[in-house]
Amino acid sequence: MWVKRSGITYLILIFIFVMLLFRIYYVSFGDINDKTKAVAGSRSATLELYSSKGVIYDRNICALAGNQFAYYLVINPRGFDRENIEYICELTGSDKDFVNSKLQKETVFVLRSYFEPKPMDGVYVYEGTTRYSEQPTATHILGYLDSEGKRGLSGVEKAFDDELSAFTSNTYIRYATNALRGVIAGLGIEAQSDNEDTTNGIILTIDRKLSVALEESMSRHMEKGAAIIMDCNSGDLLAMSSLPTFDAENITEYLESDNGELVNNAMSNQTVGSVFKIIIAACAIENGLADFEFECNGGISVSDRVFTCQNQKHHGKLNMKEAFAQSCNAYFIALGQLLGYDKIIETAQLFGADSSIKILKDMSSSSGVLPQESGMLAVANLSIGQGSLMMSPLEIARITAVTCNGGYLVNPTIYYGTYIDGVIDNQSGYSYKSKIINDDTAAMLKEMCVYCVSDGTGASAAPAVGTAGGKTASAQTGKIGDDGEEILNTYFTGFYPADDPQYVITVFVADGESGSKTCAPVFKEMCDFIAQNY
């Protein structure tokens, strides 16, 4: 009798166990009916799809950061076909080991793609936004966020972190889940956002189209350097880029790099070279030496040291306009000796050559360095932009603007204002300009720059449409390259169009061949682009 009861109890336990297994299977994988929905409705999971901050716009209200279109792939490992792993990794730029580790955990996860994915089992696709586009521009200006994408650590992202954070929005997914936290088949996933308006932000003076074109040109002609396009009258920075650049979403890759990806070369001090002859010429004109002439025999001796012209070229008898166009070192050293240290430094300071340029709150260029030595050799070096003289390409752009805007020193700026609820509010307040040289001096400098392009070392910068003005430079760095030759900093800086200057374009290339061969082609390409598009 006891055995018979034990058997019945055993059968009952087996029956209960089987029913429990069936129930678990039914809830996890079975068809969805009203009863299952009731169970599922009591268990759900939430996962962040993406978050966003205030948008950074260009001058035409085109997003530079924020509101960049992207696809979000919500992957349910229990329904995902492992044969699609290679495709998923290529599509999203994800590491295969990372994706495999996520799949093994069998919990829902999210990947992002700039490209629309094909339909796949176990993959739910949502359209959304991301901070940076697949091909960002003005990276060094924009800066980057922390690893969580929340706080600005450099550039505009840092300078306006509080303002941009005020417009934070979070989009997340909510889905019915089984006991293993997988998506219950048939219930799908719901995306929700805590802020419907994600368009508010700040406006920069940058022109995205111009910036992209500049960076495309730079990539064809340099590996390391910088370029700037600035409104010569207002100081508005329309484009400013530096190479090498970085991926704002993978900053840790560059923290121990010695290649300088995180350095903004446009705002960092460099050796200068012959662009400083603009200041020497201005100083000479202002001090009554506009008619100075000199016989160049390929070089000049100062305190028993011989300074030669490039390739020891004999330029013959030159006036200032001709010497400027040919970038004759002998002429400008002789001129510098007549002017003397004090007058040159005074003029350089008028041009802001020893100052820092604040383009935005908490964003300033390096302060220029003027030599302290005042002897004849030091003045000879200074007269051709060599020696201990240091300036940023941004400062060189500002100096160039003086030659074409009537003699005014402008303050480069990058901030325009805000964009709130569709309303543009100009709050820049940073721009100013002051008259530093007289009209006649400014007119002569402009004429010399135009002649440099039409008949001098800047001929390779001549645009296809209209005319331009500018100055070439090659500056010694004291560094020796792998080929045993000294590394040169090369420049072309100028303005366009010459008859009614609007744009200053300054190009700097580290380890370039020369200003005319390495930098001038970028200047020309940008003049041609402007002529075709503006």
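Every residue, every condition in (1) buried (at least 24 other Cβ atoms within 10 Å of the Cβ); (2) touching a Phe, Trp or Tyr at 6+ places or on another chain (Cβ under 8 Å), yes or no:
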{"site": "THR457", "(1), (2)": "yes, no"}
{"site": "VAL465", "(1), (2)": "no, no"}
{"site": "LYS471", "(1), (2)": "yes, yes"}
{"site": "GLY484", "(1), (2)": "no, no"}
{"site": "ILE487", "(1), (2)": "no, no"}
{"site": "ALA498", "(1), (2)": "no, no"}
{"site": "PHE508", "(1), (2)": "yes, yes"}
{"site": "GLU513", "(1), (2)": "no, no"}
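Yes or no, residue by residue, for (1) within 21 Å of PRO136 (Cα to Cα); (2) over 30 Å from the mean Cα position of the chain (by Cα):
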{"site": "ALA65", "(1), (2)": "yes, no"}
{"site": "PHE69", "(1), (2)": "yes, no"}
{"site": "PRO77", "(1), (2)": "no, yes"}
{"site": "PHE80", "(1), (2)": "no, yes"}
{"site": "ILE88", "(1), (2)": "no, no"}
{"site": "ASP97", "(1), (2)": "no, yes"}
{"site": "THR107", "(1), (2)": "no, yes"}
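Would you mind stating whether THR477 is assigned by TED's automatic domain parsing to the domain that holds SER217, among the β-branched types (Val, Ile, Thr) and buried (at least 24 other Cβ atoms within 10 Å of the Cβ)? Full working, then the answer.
Values: assigned by TED's automatic domain parsing to the domain that holds SER217: yes; among the β-branched types (Val, Ile, Thr): yes; buried (at least 24 other Cβ atoms within 10 Å of the Cβ): no.
The answer is no for THR477.
Testing LYS361 on (1) modelled with pLDDT of 95 or more; (2) within 29 Å of the chain's Cα centre (by Cα); (3) basic (Lys, Arg), one condition comes back false. Which one is that?
Result: LYS361 fails condition (1) only.
Let me spell it out: the conditions are (1) touching a helix residue (DSSP H, G or I) at 6+ places or on another chain (Cβ under 9 Å); (2) within 19 Å of CYS452 (Cβ to Cβ), and ILE300 meets all of them except one. Which number is the exception?
The number of the failed condition is (2).
Would you be able to tell me the number of residues in region 114-151 that are modelled with pLDDT under 95, surrounded by 14 or more Cβ atoms within 10 Å (Cβ to Cβ) and polar (S, T, N, Q)?
So the answer is 3.
State whether the residues of region 226-234 include one that is in contact with a helix residue (DSSP H, G or I) (Cβ under 8 Å, 6 or more places away or on another chain), among the hydrophobic types (A, V, I, L, M, F, W, C) and assigned to a helix (DSSP H, G or I).
no
How many residues does region 311-321 hold that are touching a residue at least 24 places away in the same chain (Cβ under 8 Å), buried (at least 17 other Cβ atoms within 10 Å of the Cβ) and out of contact with any Leu (no Cβ under 9 Å at 6 or more places or on another chain)?
In the first step, residues of region 311-321 are kept if they are touching a residue at least 24 places away in the same chain (Cβ under 8 Å); the result is 317-321.
Narrowing the set further to residues that are buried (at least 17 other Cβ atoms within 10 Å of the Cβ) leaves 318, 320-321.
When the remaining residues are screened for being out of contact with any Leu (no Cβ under 9 Å at 6 or more places or on another chain), the result is 318, 321.
Number satisfying all stated conditions: 2.
Tell me yes or no: at least one residue of region 392-406 is modelled with pLDDT of 95 or more, surrounded by fewer than 22 Cβ atoms within 10 Å (Cβ to Cβ) and in the same structural domain as HIS221 (by TED's automatic domain parsing).
Step one: list which residues in region 392-406 are modelled with pLDDT of 95 or more, which gives 392-406.
Subset that is surrounded by fewer than 22 Cβ atoms within 10 Å (Cβ to Cβ): 406.
Then drop every residue that is not in the same structural domain as HIS221 (by TED's automatic domain parsing), which leaves 406.
Checked against the condition, which is being modelled with pLDDT of 95 or more, surrounded by fewer than 22 Cβ atoms within 10 Å (Cβ to Cβ) and in the same structural domain as HIS221 (by TED's automatic domain parsing), region 392-406 yields at least one hit.
Restricting the search to region 333-351, which residues are more than 18 Å from PHE292 (Cβ to Cβ) and buried (at least 22 other Cβ atoms within 10 Å of the Cβ)?
Within region 333-351, ALA348, PHE351 qualify.
Output yes when any residue across region 368-386 is in a loop (DSSP other than H, G, I, E, B), touching a residue at least 24 places away in the same chain (Cβ under 8 Å) and closer than 24 Å to ALA498 by Cβ, and no when none is.
yes
Output yes when any residue across region 517-534 is buried (at least 24 other Cβ atoms within 10 Å of the Cβ), within 24 Å of the chain's Cα centre (by Cα) and under 21 Å from GLY387 (Cβ atoms), and no when none is.
no
Could you tell me whether any residue of region 459-469 is closer than 19 Å to CYS232 by Cα, outside any strand (DSSP E or B) and touching an Asp or Glu at 6+ places or on another chain (Cβ under 6 Å)?
So far as region 459-469 goes, yes, one or more of its residues are closer than 19 Å to CYS232 by Cα, outside any strand (DSSP E or B) and touching an Asp or Glu at 6+ places or on another chain (Cβ under 6 Å).
Against the condition outside the structural domain of LEU243 (by TED's automatic domain parsing), crowded, with 16+ Cβ neighbours inside 10 Å and touching a Pro at 6+ places or on another chain (Cβ under 9 Å), how does LYS158 come out, does it pass?
Working: outside the structural domain of LEU243 (by TED's automatic domain parsing): yes; crowded, with 16+ Cβ neighbours inside 10 Å: yes; touching a Pro at 6+ places or on another chain (Cβ under 9 Å): no.
For LYS158, the condition - outside the structural domain of LEU243 (by TED's automatic domain parsing), crowded, with 16+ Cβ neighbours inside 10 Å and touching a Pro at 6+ places or on another chain (Cβ under 9 Å) - is not met.
Can you find a residue that is hydrophobic (A, V, I, L, M, F, W, C), in the same structural domain as GLN326 (by TED's automatic domain parsing) and closer than 18 Å to MET222 by Cβ anywhere in region 488-495?
Scanning region 488-495 turns up at least one residue that is hydrophobic (A, V, I, L, M, F, W, C), in the same structural domain as GLN326 (by TED's automatic domain parsing) and closer than 18 Å to MET222 by Cβ.
Are there any pairs, at least 6 apart or on different chains, whose C-beta atoms fall under 8 Å, with the first in region 354-365 and basic (Lys, Arg) and the second surrounded by fewer than 19 Cβ atoms within 10 Å (Cβ to Cβ), and if so, which?
These pairs meet every condition: LYS358/SER364; LYS358/ASN411; LYS358/TYR430.
I need a count of the residues in region 356-366 that are in a loop (DSSP other than H, G, I, E, B) and surrounded by fewer than 17 Cβ atoms within 10 Å (Cβ to Cβ). Reasoning before the result, please.
First pass over region 356-366, keeping only residues in a loop (DSSP other than H, G, I, E, B): 356-357, 361-362, 365-366.
Filter again for surrounded by fewer than 17 Cβ atoms within 10 Å (Cβ to Cβ), leaving 356, 361-362.
Adding up the residues that qualify gives 3.
The values are calculated or read from the model by the stated rules, or taken from the named source; none is laboratory data. Not measured: the values here are computed from a predicted model. Neighbour counts run over all protein chains shown; Cβ positions are idealised from the backbone, glycine included.
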